[in-house]
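Take a look at the structure set out below.
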Amino acid sequence: MSKNNNNSAGGKDKCASGTSVLDKTPPPEIFQRGLTLRRTPSVVLLCLLTVVLLGISFPPFDSWTIAYFALVPWALAISGCAKPRRAILLGWLTGLVFWAMSLYWLTLPTIPGYVASVIYLSMYWLVATLFVRAAMKRNWPMWLVLPIFWTALEYAQSYGLGGFSWFYLSQTQYQQTSLIQIADVTGQYGVTFFVAMVNGFIIDLFSFPLFVPRRAGGGRLSRHVLAGLFACLIVGFGFWSYGQWRIGQGKNTISPGPVIGIVQEDVPITLSGREDTARQILEYHLQRSLEFMGKKCDILLWPETMLPQGMNSQMLNADTSKLIDDEILSISAYVYGLEATKEYPVTQLRDSLANIIGNYPLAAYQRPAAMFLLHEFVKPAQLAGLEEEKVRTLGKIVFGPSAAKFSTAEIQTGLGMFLSESGSAEQEKSLLQRVGQLFLEDEPQQIEKLSKEAILQNIQLAVARRLAGSKDPLNTLRGQAGMISVCSVLTGSPILAGGTSIRPNPRRALGTRDLWVMQNSVMWYDATGPADIEYGKTHLVPFSEYVPFKYSWQGLHESLRWFVPEAMPQLAPGENFERFQVTDGQESWQLVTPVCFEGTVARLCRAMVNSGPKNRMVMANLSNDGWFVYRFGEGPYKGTTEQQQHLVHYVFRAIENRIPVVRSVNTGISGYINSNGEIESLLELQMEEYRKRTMIAGTLKVKTSVDSRVSPYSKIGDTFAMTLSILAVFMAGWLLIKRIPEKIPAGRAVKKT
């Protein structure tokens, strides 16, 4: 200190003789390092500040700039806290509070799952607290250390307990299209790295001195600060420049894709079930789908699990008379419940299942299905605009082979008789009689005496009598499948819909109940009915869709099953990534279909895209976010922040795989994201003050564009994140081996021993 004082005095003489004031030696305070926080309230307030700043950085608040310094208060608090144990405790509690606030919507389907998830995810903050405090005490540059370690923790989080890739730093930047294009090389982890790097640089500004003393006297800017500044500028400019190049490059690689009709309903779901019946929910989607009549969509999308249970081809084509007793018991356990299989004899269950599935072939149910849709949902203008081919196809369904005797105009007029609103002022009496004779066995003279309404009513009854005497054949699974296939005829589009399938177990069955299993599936329907091809969700949510250890440790599985509500049926995972072929008659495309949270798992979506050649591909996410809505008392249901946060993931899936993404989501948010990660359209209700995107029902037609580029990420995957994870492990090991004392005198460097 005496040397500095002498230099200072000399500086005064020089200043007096006209030497610049800049030659003065800076005061010793600017060489001192870091902050020392001796009062616990100061540490607590800084930690809470990080919780608030980080929370508003994510959707739906979208204060993306705040993410670049949100971690700073927390890091300064845990490094400056004078008491090590208290610092570690408060650092961990920061994560606990952050996750508790961010995942509040998880309490709606499962409070035990919410508590377990919050505690588990907060452990990552505990690890981060230990590492960051130790690294800062060793004077390691946080502009380099923090991005490496934080990225590694996010990568580890994507694997723990099945993977939960939510609230990554990268997701705060989803609207910064140019910056996040680097995700097609590094995955979303590259964006996290940059955001954490800027946080680390700002931490260094507060924790390291801006100046360090020279041997000859005076001071110079700290190398830590200069290096961090240059690193942030270079990486930020590099990411932005790369993004500009990739966006411009896409103009030459993009071509027209399929025209897709998206259906969104607003069906809330609770542990006690749904307020609407499966039949009602089906009719909601049929009515919405028929809005696409005449709009020439190549395919229609329905959300996850909107089909009635058991609408897959294996169940619909099942012949209950040929199934063994154990299979009947297995299926009945899903349809009626396990207790029913103990209470009723197998013969009664067999007959009941036959009535539920339907006693006649699927084609026989298309006639009443067509009559129902025409009467309930089709408008005269829609029927009048139907193309000739569709008119004749529908006429064959309704009138049978006799339709060949009618002209197209007569068929259209005959179909118009079934509409609730008359398509013309007067119906030809002779045509009405001819239609009646196709269905009724009465003499022509008797038919002449009946009114139009009486004839149509008798037709409905006659059709029902021919189908096993059922009063409503559409209450059977085959009847409801007939409704979907007729909807496909009317719209001219196949329908890709989510539902719970019941199918033979492809694995070794553990017992009677396991001979048939349920899957969360995506099913294809067209004019002929359900296709054999379907996609079964491969990545199930643990302790929700399935309980682990079913086939490896049954005792533990049964114990864990106790913690999962019975209202959450246990599903079997799918085994293959299926691709659905879509065509407009001239061009063809492929659809891959991650279901619900599968779309948040980057490596899984990459595997889907890489499961075959990337041939004009679109990613269609079918999801059901109806679990995450709430209401107070008898008021209307409202959406939560989960819907907006779920949408953000698909911005990165689009960029990582250079593939457009369409979403059909129960309760929202449905929409279209192009292969550059730009959200082009969302299904929303325009309000006076804001745009409502959740808890609304509606449709959206999107014209997609496919991208021929194959991204580096498609080839190398998470190599970037894995490399940083290895570095983080070595860094953590070095800190454990080379421990240093907690207290460091201010302004002194630590000498190696």
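Looking at Tyr525, Tyr535, which is the one that is of a type outside the set (A, V, I, L, M, F, W, C), more than 20 Å from Gly162 (Cβ to Cβ) and either in a strand (DSSP E or B) or open to solvent by 50 Å² or more (accessible area, probe 1.4 Å) (or both)?
Details: Tyr535 fails: more than 20 Å from Gly162 (Cβ to Cβ).
Every option except Tyr525 fails the conditions.
Got at least one residue in the stretch 143-151 being open to solvent by less than 60 Å² (accessible area, probe 1.4 Å), modelled with pLDDT of 95 or more, of a type outside the set (S, T, N, Q) and part of a loop (DSSP other than H, G, I, E, B)?
Scanning the stretch 143-151 turns up no residue that is open to solvent by less than 60 Å² (accessible area, probe 1.4 Å), modelled with pLDDT of 95 or more, of a type outside the set (S, T, N, Q) and part of a loop (DSSP other than H, G, I, E, B).
When the residues of the stretch 463-476 are narrowed to those that are of a type in the set (A, V, I, L, M) and farther than 23 Å from Lys390 by Cβ, which ends up modelled with the lowest pLDDT? Steps first, please.
At the first step, the residues of the stretch 463-476 found to be of a type in the set (A, V, I, L, M) are 463-464, 467-468, 474.
Narrowing the set further to residues that are farther than 23 Å from Lys390 by Cβ leaves 464, 467-468.
Values: Ala464: 67, Leu467: 69, Ala468: 58.
Here the answer is Ala468.
Name the single residue, out of those in the stretch 690-730 being touching a strand residue (DSSP E or B) at 6+ places or on another chain (Cβ under 8 Å) and either without any contact (Cβ under 8 Å) to a residue 60 or more places away in the chain or of a type in the set (Ser, Thr, Tyr) (or both), that is nearest to Ile148 (Cα to Cα).
Residues of the stretch 690-730 touching a strand residue (DSSP E or B) at 6+ places or on another chain (Cβ under 8 Å): 691-708.
From the residues that got through so far, the ones that are either without any contact (Cβ under 8 Å) to a residue 60 or more places away in the chain or of a type in the set (Ser, Thr, Tyr) (or both) too are 691-694, 699, 704-705, 708.
Values: Arg691: 39, Lys692: 39, Arg693: 37, Thr694: 37, Thr699: 44, Thr704: 37, Ser705: 36, Ser708: 33 Å.
Among those that are touching a strand residue (DSSP E or B) at 6+ places or on another chain (Cβ under 8 Å) and either without any contact (Cβ under 8 Å) to a residue 60 or more places away in the chain or of a type in the set (Ser, Thr, Tyr) (or both), it is Ser708.
Every residue in the stretch 174-202 that is part of a loop (DSSP other than H, G, I, E, B) and either basic (Lys, Arg) or closer than 18 Å to Met722 by Cα (or both), please. Before you say what the answer is, go through the steps one by one.
Here is the first cut: in the stretch 174-202, the residues part of a loop (DSSP other than H, G, I, E, B) are 174-178, 187-188.
Answer for the stretch 174-202, where residues must be part of a loop (DSSP other than H, G, I, E, B) and either basic (Lys, Arg) or closer than 18 Å to Met722 by Cα (or both): Gly187, Gln188.
Going residue by residue through the stretch 40-53, is there one that turns out to be outside any helix (DSSP H, G or I) and either at pLDDT below 65 or under 50 Å from the mean Cα position of the chain (by Cα) (or both)?
Of the residues in the stretch 40-53, the ones outside any helix (DSSP H, G or I) are none.
No, the stretch 40-53 has no match at all.
Hey, does the stretch 291-300 have a residue that's of a type in the set (A, V, I, L, M, F, W, C), within 24 Å of the chain's Cα centre (by Cα) and under 15 Å from Met695 (Cα atoms)? Full working, then the answer.
Taking the stretch 291-300 as the starting set, the residues that turn out to be of a type in the set (A, V, I, L, M, F, W, C) are 292-293, 297, 299-300.
If we keep only those that are within 24 Å of the chain's Cα centre (by Cα) as well, we get 297, 299-300.
With the extra rule that they be under 15 Å from Met695 (Cα atoms), the set shrinks to none.
Taking every residue of the stretch 291-300 in turn, none turns out to be of a type in the set (A, V, I, L, M, F, W, C), within 24 Å of the chain's Cα centre (by Cα) and under 15 Å from Met695 (Cα atoms).
Find the residue count for the stretch 101-125, including only residues that are open to solvent by 30 Å² or more (accessible area, probe 1.4 Å), under 19 Å from Ile56 (Cβ atoms) and aliphatic (A, V, I, L, M).
1
Is it true that some residue in the stretch 114-123 is in a helix (DSSP H, G or I) and touching an Asp or Glu at 6+ places or on another chain (Cβ under 9 Å)?
Let us first name the residues in the stretch 114-123 that are in a helix (DSSP H, G or I), namely 114-123.
Pick out the ones that are also touching an Asp or Glu at 6+ places or on another chain (Cβ under 9 Å) and you get none.
Among the residues of the stretch 114-123, not one is in a helix (DSSP H, G or I) and touching an Asp or Glu at 6+ places or on another chain (Cβ under 9 Å), which makes the answer no.
Quick one: is Val702 open to solvent by 30 Å² or more (accessible area, probe 1.4 Å) and closer than 30 Å to Tyr189 by Cβ?
Values: open to solvent by 30 Å² or more (accessible area, probe 1.4 Å): no; closer than 30 Å to Tyr189 by Cβ: yes.
Judged against the criteria, Val702 is not a match.
Hey, can you tell me all the residues within the stretch 621-639 that are out of contact with any Leu (no Cβ under 8 Å at 6 or more places or on another chain), outside any loop (DSSP other than H, G, I, E, B) and under 18 Å from Glu275 (Cβ atoms)? Break it down stepwise before answering.
Keep residues of the stretch 621-639 that are out of contact with any Leu (no Cβ under 8 Å at 6 or more places or on another chain), which gives 621, 623-626, 631-639.
Filter once more, so that each one left must be outside any loop (DSSP other than H, G, I, E, B): 621, 623-624, 626, 638-639.
Asn624, Gly626, Lys638, Gly639 - these are the residues of the stretch 621-639 that are out of contact with any Leu (no Cβ under 8 Å at 6 or more places or on another chain), outside any loop (DSSP other than H, G, I, E, B) and under 18 Å from Glu275 (Cβ atoms).
Does Gly529 qualify as being out of contact with any Pro (no Cβ under 6 Å at 6 or more places or on another chain) and closer than 19 Å to Leu307 by Cβ? Give the steps one after another, and end with the answer.
Numbers: out of contact with any Pro (no Cβ under 6 Å at 6 or more places or on another chain): yes; closer than 19 Å to Leu307 by Cβ: yes.
Yes.
Can you pull out the residues in the stretch 91-113 that are at pLDDT below 95, over 21 Å from Tyr159 (Cα atoms) and assigned to a helix (DSSP H, G or I)?
Thr107, Ile111
Scan the stretch 524-538 and report the pairs whose first residue is under 12 Å from Leu316 (Cβ atoms) and whose second residue is charged (D, E, K, R), with Cβ atoms within less than 8 Å and a gap of 6+ or a chain change.
Sorted first by the residue in the stretch 524-538, then by its partner, the pairs are Glu534/Glu578.
Would you point out which residue out of Asn621, Asn666 is touching a Phe, Trp or Tyr at 6+ places or on another chain (Cβ under 7 Å) and buried (at least 24 other Cβ atoms within 10 Å of the Cβ)? Walk me through it before giving the result.
Working: Asn666 fails: touching a Phe, Trp or Tyr at 6+ places or on another chain (Cβ under 7 Å).
Going through Asn621, Asn666 in turn, just one is touching a Phe, Trp or Tyr at 6+ places or on another chain (Cβ under 7 Å) and buried (at least 24 other Cβ atoms within 10 Å of the Cβ): Asn621.
Would a scan of the stretch 670-684 turn up a residue that is in contact (Cβ under 8 Å) with a residue 40 or more places away in the chain and open to solvent by 30 Å² or more (accessible area, probe 1.4 Å)?
yes
Contact list please: Cβ distance under 6 Å, first residue in the stretch 643-665 and touching a residue at least 60 places away in the same chain (Cβ under 8 Å), second residue of a type in the set (Asp, Glu), pairs at least six apart or on different chains.
Ile655/Asp184; Glu656/Asp184; Arg658/Asp707; Val665/Asp625
Take Gly555 and tell me if it is open to solvent by 10 Å² or more (accessible area, probe 1.4 Å), of a type in the set (Gly, Ala, Ser) and more than 23 Å from Leu353 (Cα to Cα). Give the steps one after another, and end with the answer.
Details: open to solvent by 10 Å² or more (accessible area, probe 1.4 Å): yes; of a type in the set (Gly, Ala, Ser): yes; more than 23 Å from Leu353 (Cα to Cα): yes.
The answer is yes for Gly555.
From (1) within 19 Å of the chain's Cα centre (by Cα); (2) surrounded by 20 or more Cβ atoms within 10 Å (Cβ to Cβ); (3) closer than 22 Å to Asn657 by Cβ, pick out the condition that doesn't hold for Arg603.
(2)
Taking the criterion of being aliphatic (A, V, I, L, M) and either part of a strand (DSSP E or B) or open to solvent by 40 Å² or more (accessible area, probe 1.4 Å) (or both), would at least one residue in the stretch 541-548 satisfy it?
Filtering the stretch 541-548 down to residues aliphatic (A, V, I, L, M) leaves 541, 547.
This time we only want the ones that are either part of a strand (DSSP E or B) or open to solvent by 40 Å² or more (accessible area, probe 1.4 Å) (or both), so: 541.
Yes - at least one qualifying residue is present in the stretch 541-548.
What is the number of the single condition among (1) farther than 30 Å from Gln581 by Cα; (2) touching a Gly at 6+ places or on another chain (Cβ under 6 Å) that Leu323 does not meet?
Just one mismatch for Leu323, condition (2).
Being assigned to a helix (DSSP H, G or I) and modelled with pLDDT of 70 or more narrows it down to one of Gly498, Gly479, so name that one.
Numbers: Gly498 fails: assigned to a helix (DSSP H, G or I).
On inspection, the qualifying residue turns out to be Gly479.
Taking Trp516 as the residue in question, decide whether it is over 27 Å from Tyr120 (Cβ atoms), open to solvent by less than 50 Å² (accessible area, probe 1.4 Å), without any contact (Cβ under 8 Å) to a residue 60 or more places away in the chain and hydrophobic (A, V, I, L, M, F, W, C). Explain how you work it out, then say what you get.
Details: over 27 Å from Tyr120 (Cβ atoms): yes; open to solvent by less than 50 Å² (accessible area, probe 1.4 Å): yes; without any contact (Cβ under 8 Å) to a residue 60 or more places away in the chain: no; hydrophobic (A, V, I, L, M, F, W, C): yes.
Judged against the criteria, Trp516 is not a match.
Let's see how each residue does on (1) open to solvent by 10 Å² or more (accessible area, probe 1.4 Å); (2) closer than 20 Å to Asp625 by Cβ; (3) among the polar types (S, T, N, Q):
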{"position": "Gly273", "(1), (2), (3)": "yes, yes, no"}
{"position": "Asp276", "(1), (2), (3)": "yes, yes, no"}
{"position": "Glu283", "(1), (2), (3)": "yes, no, no"}
{"position": "Leu300", "(1), (2), (3)": "no, yes, no"}
{"position": "Ile331", "(1), (2), (3)": "no, no, no"}
{"position": "Val335", "(1), (2), (3)": "yes, no, no"}
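The values are calculated or read from the model by the stated rules, or taken from the named source; none is laboratory data. What you see is a predicted model; the values in this text were computed from it and never measured. Glycine also receives a Cβ, built like all others from the backbone with ideal geometry; neighbour counts cover every protein chain displayed. Areas reflect the complete protein model, heavy atoms only, side chains present, ligands, DNA and RNA absent. Shrake-Rupley method; radii C 1.70, N 1.55, O 1.52, S 1.80 Å.
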